[in-house]
Amino acid sequence: MWRRATLFLRVLEPPIHINASLSQTFTTGFPFHFQEKDGICPKPLITFVLGGPGSGKGTQCGKIVETFGFKHLSAGDLLRREMVSDSEYGSMIMNTIGEGRIVPSEVTVKLILREMESSDNHKFLIDGFPRSQENRIAFEQIIGAEPHMVLFFDCPEEEMVKRVLSRNQGRIDDNINTIKNRLQVFESLNLPVIDYYAKKGKLYRINAVGTVDEIFEHVRPVFEACEF
Ligand SMILES: Nc1ncnc2c1ncn2[C@@H]1O[C@H](COP(=O)(O)OP(=O)(O)OP(=O)(O)O)[C@@H](O)[C@H]1O
Ligand SMILES: Nc1ccn([C@@H]2O[C@H](COP(=O)(O)O)[C@@H](O)[C@H]2O)c(=O)n1
Ligand SMILES: [Mg+2]
């Protein structure tokens, strides 16, 4: 099934054949340099994964990676990694995450770009991004691409709070005060992005209540039906 879908994309969007000796400098038409495989430089296939804090984005991304072979990029994980590195942005990121606010888009998009450029996979699941219209516009401007589809894990607040408070991964933002801010930020900044993609016909709303496996059974057909 997956192979057939891949072939179909090639008909719609022919891959770009490149000369191996040009591989270091050739760009795909996107502003970033993309790794080629077997002399073929496929266009990136981007799925954004959205949902409130604790809605299960990361958990479901793990299952999508296992089943459909995507590269998972969690914006939150990239920011946390940058935070504990020697980065000039480290303390700014820590304060922003600690307060449940959104890190300036340029920083987050550059971290995503770095991962995309160094990946030999062209299918990306970008989790927890875009969190705001500013994030979305920065991605379009810096990376020059749009998502093929957007998943939205729709989960009631009480369930999200319960999941976050029992996560136990030592995250500085998994406490009741920060969760309140994150929920507010989700409603005021992220819902408009979800609405934007719904109007573009790219949004797949997934009921995020149930067991992990039950939810994945709602996710699976979305990817199986995709023409890539
Ligand atoms: N369907 C589910 N039922 C119960 N617990 C779940 C379910 N899915 C995920 N969890 C648990 O809930 C917690 C939050 O899940 P996860 O980290 O995947 O959410 P997230 O949307 O990525 O959250 P965040 O935005 O805070 O990163 C984790 O401890 C995870 O194991
Ligand atoms: N696009 C983003 C994504 C995340 N952040 C910050 O990281 C925090 C944790 O994100 P998770 O996806 O792991 O929940 C989030 O609350 C923000 O502070 C961001 O700024 N921009
Ligand atoms: Mg997560």
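The values are calculated or read from the model by the stated rules, or taken from the named source; none is laboratory data. Keep in mind that what you see is a predicted model, and the values were worked out from it rather than measured. A quick note on method: Cβ atoms are made from the backbone with ideal geometry, for glycine too, and the neighbour counts reach across all protein chains shown. Note: areas computed on protein heavy atoms with side chains; ligands, DNA, RNA excluded. Shrake-Rupley method; radii C 1.70, N 1.55, O 1.52, S 1.80 Å.
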Query raised in the report: Taking the stretch 172-182 as the search range and keeping residues that are more than 23 Å from residue 211 (Cβ to Cβ) and part of a helix (DSSP H, G or I), which one is most open to solvent (accessible area, probe 1.4 Å)?
Result: 180
Query raised in the report: Would you call residue 185 open to solvent by less than 60 Å² (accessible area, probe 1.4 Å) and out of contact with any Pro (no Cβ under 7 Å at 6 or more places or on another chain)?
Result: yes
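Here is a yes/no grid of residues against (1) at pLDDT 95 or above; (2) under 28 Å from residue 200 (Cβ atoms); (3) small (Gly, Ala, Ser):
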position	(1), (2), (3)
94	yes, no, no
100	yes, yes, yes
115	yes, yes, no
126	yes, yes, no
171	yes, no, no
177	yes, no, no
Query - Given (1) under 20 Å from residue 46 (Cβ atoms); (2) surrounded by fewer than 17 Cβ atoms within 10 Å (Cβ to Cβ); (3) in contact with an Asp or Glu (Cβ under 7 Å, 6 or more places away or on another chain), index of the condition residue 209 fails - result: (1)
Report task. Check off (1) more than 14 Å from ligand 3 (Cβ to nearest atom); (2) open to solvent by 30 Å² or more (accessible area, probe 1.4 Å) for residue 63 and give me the number that stays unchecked. Result -> (1)
Query raised in the report: Looking at residue 85, is it in contact with a Cys (Cβ under 8 Å, 6 or more places away or on another chain) and surrounded by fewer than 22 Cβ atoms within 10 Å (Cβ to Cβ)?
Result: no
Report summary line: Cβ pairs under 8 Å, 6+ apart or interchain, first in the stretch 46-58 and closer than 11 Å to residue 186 by Cα and open to solvent by less than 10 Å² (accessible area, probe 1.4 Å), second assigned to a loop (DSSP other than H, G, I, E, B) and more than 10 Å from ligand 2 (Cβ to nearest atom), ordered by first then second residue, are 51/155; 51/208; 52/155
Requested in this report: Please specify each residue of the stretch 156-171 satisfying the condition of being within 21 Å of the chain's Cα centre (by Cα) and under 22 Å from residue 93 (Cβ atoms).
Outcome: 164, 167, 169, 171
Requested in this report: Specify which of the listed residues (143, 179) is over 23 Å from residue 62 (Cβ atoms) and of a type in the set (A, V, I, L, M, F, W, C).
Outcome: 143
Query raised in the report: If you scan the stretch 207-228, which residues turn out to be outside any helix (DSSP H, G or I) and touching a residue at least 60 places away in the same chain (Cβ under 8 Å)?
Result: 208, 226, 227, 228
Query raised in the report: Being small (Gly, Ala, Ser), within 16 Å of ligand 1 (Cβ to nearest atom), over 18 Å from residue 80 (Cβ atoms) and open to solvent by 60 Å² or more (accessible area, probe 1.4 Å), is that true of even one residue in the stretch 159-171?
Result: yes
